[in-house]
Amino acid sequence: MQNYTEEIWHFTKNHATGLTAALAGIFSFLLGLGVLALRRWLAGGVCRSKVRLDGKTVLITGANTGIGKETALDMACRGARVVLACRDMTKAYAAADEIRQRSGNGNVVVKKLDLASLQSVRDLAKDVQENEERLDILINNAGIMMCPKWQTEDGFEMQFGVNHLGHFLLTNCLLDLLKKSTPSRVVIVSSLAHERGHIHFEDINLDKDYTREKSYSQSKLANVLFCRELAARLQDTGVTAYSLHPGVIHTELGRHLFPSFALWKRLIALPLLMLIKTPREGAQTTIHCAVEESLANDNGLYYSDCTPKEAAPQARDDAAAKKLWDLSASMVGLA
């Protein structure tokens with residue numbers, strides 16, 4: 001027994017380096033599998049629909065980067081005529097060229113849209129009405145996040161103005177074309193941040209108490225409420241509306257947020273960036289809402305990871321949705 005114990009001791013001593021390396025390798029392998037499993041879980045749902053969109057027209061706001069660009073690429077791969085409605089025309093033309101090359105679809109066009117200007121919204125709507133024969137899918141994707149207290153051209157608080165009011169006006173201006181092209185869809189990109197949001201009807205521009213977070217959450221709640229009221233108004237027209245949370249995504253949307261972090265917050269956040277969704281993964285729920293056949297009879301629902309989810313209680317308030325619609329119509333000159 002003693003000799004056997006000594007043999008084990010000598011073996012361990014002589015092969016310590018190899019054993020350590022082997023254990024380290026096994027640990028690294030298992031850790032890698034765990035990280036991959038976590039990464040796959042965080043990637044969320046995937047749109048499984050293979051439906052083609054030949055002969056159909058899709059307009060996507062903010063389609064020159066991030067999930068908007070990935071959504072546009074998917075729509076182009078399905079054969080749609082894709083309209084990129086963007087503020088930065090240089091980036092938009094570059095994105096359109098890339099989408100044409102990658103999809104093999106030459107029917108990708110660029111139109112100017114600055115959601116911080118109601119006149120720009122009206123100009124785009126007029127262009128689309130005059131030059132597009134149909135509009136099958138409108139994707140309200142563009143947005144701004146956590147910016148300082150800026151104002152739009154028309155004097156509205158920037159996040160509420162761009163994320164909600166600009167899209168509210170655009171959608172209303174294009175409703176006749178959407179109705180002409182039925183069955184058609186309106187897809188509104190919101191955020192989980194709506195759960196922290198409240199509509200400050202008495203101080204809609206947050207002049208009395210502005211914080212970036214309060215403003216962003218209000219604008220994202222407005223997106224969900226807008227979808228809810230829009231769906232109610234579009235009953236039996238053949239136009240359906242959907243709002244969604246795309247997930248936490250590594251895109252340019254956070255460009256106003258990350259630089260404001262203290263150094264220690266940046267150091268903590270950097271490793272986490274490896275785990276959050278890519279733009280392609282983040283675009284999946286938008287794509288799902290735009291094309292999934294089984295959603296044809298659904299209207300006004302909220303989605304996350306390609307699955308219907310219950311929105312926050314304040315996002316299911318029909319009275320608030322109508323009140324917001326009336327206020328928004330007054331602010332953009334539709335009332």
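Where a number appears in this text, it was derived from the coordinates with a stated rule and is not lab data. Keep in mind the model is a prediction, meaning the values are calculated, not measured. Every residue, glycine as well, gets a Cβ built from its backbone with ideal geometry; the counts of neighbours run over all protein chains shown.
Packing order of peptides 62-68, 191-197, 74-80, 87-93, highest average first: 62-68, 74-80, 191-197, 87-93 (average count of other Cβ atoms within 10 Å over each peptide's residues).
Taking 0.36 nm per intervening residue step and subtracting the Cα-Cα distance, what contour gain separates Glu213 from Gln314 on full extension?
Values: separation 101, 0.36 × 101 = 36.36 nm, distance 1.69 nm.
Answer, rounded to one decimal: 34.7 nm.
Centroid-to-centroid, using Cα positions, the stretch 217-244 and the stretch 190-211 are 18 Å apart. Of the residues Met331, Phe226, Leu84, the one whose Cα sits farthest towards the positive end of the charge dipole of the stretch 56-332 is Leu84 (charges of +1 on Lys and Arg Cβ, -1 on Asp and Glu Cβ, taken about the Cα centre). Around the Cα centre of the stretch 56-332, unit charges on the Cβ atoms of Lys, Arg, Asp and Glu (plus for the first two, minus for the last two) sum to a dipole of about 520 debye.
Straight-line cross-link reach from Lys309 at under 29 Å between alpha-carbon atoms covers these lysines, not counting any fewer than eight positions away in the same chain: Lys50, Lys56, Lys69, Lys179, Lys214, Lys220, Lys277, Lys322, Lys323. Under 8 Å for C-alpha pairs, at least 6 residues apart: give me the relative contact order for the stretch 56-332, rounded to a whole percent. Relative contact order of the stretch 56-332: 19 percent.
Among residues other than Val108 whose Cβ falls under 9 Å from its Cβ, what is the net charge (Lys/Arg +1, Asp/Glu -1)? Provide the component values of the computation, followed by the final result.
On the way: positive: Arg81, Arg100; negative: Asp97.
Result for the local shell: +1.
With just the Cα atoms defining each centre, how far is the stretch 100-175 from the stretch 58-72? Give it in Å. Going from one Cα centre to the other spans 11 Å. Note on Glu202 and Arg122: their simple-model spin labels are 3.3 nm apart, each label 7 Å out from Cα toward Cβ.
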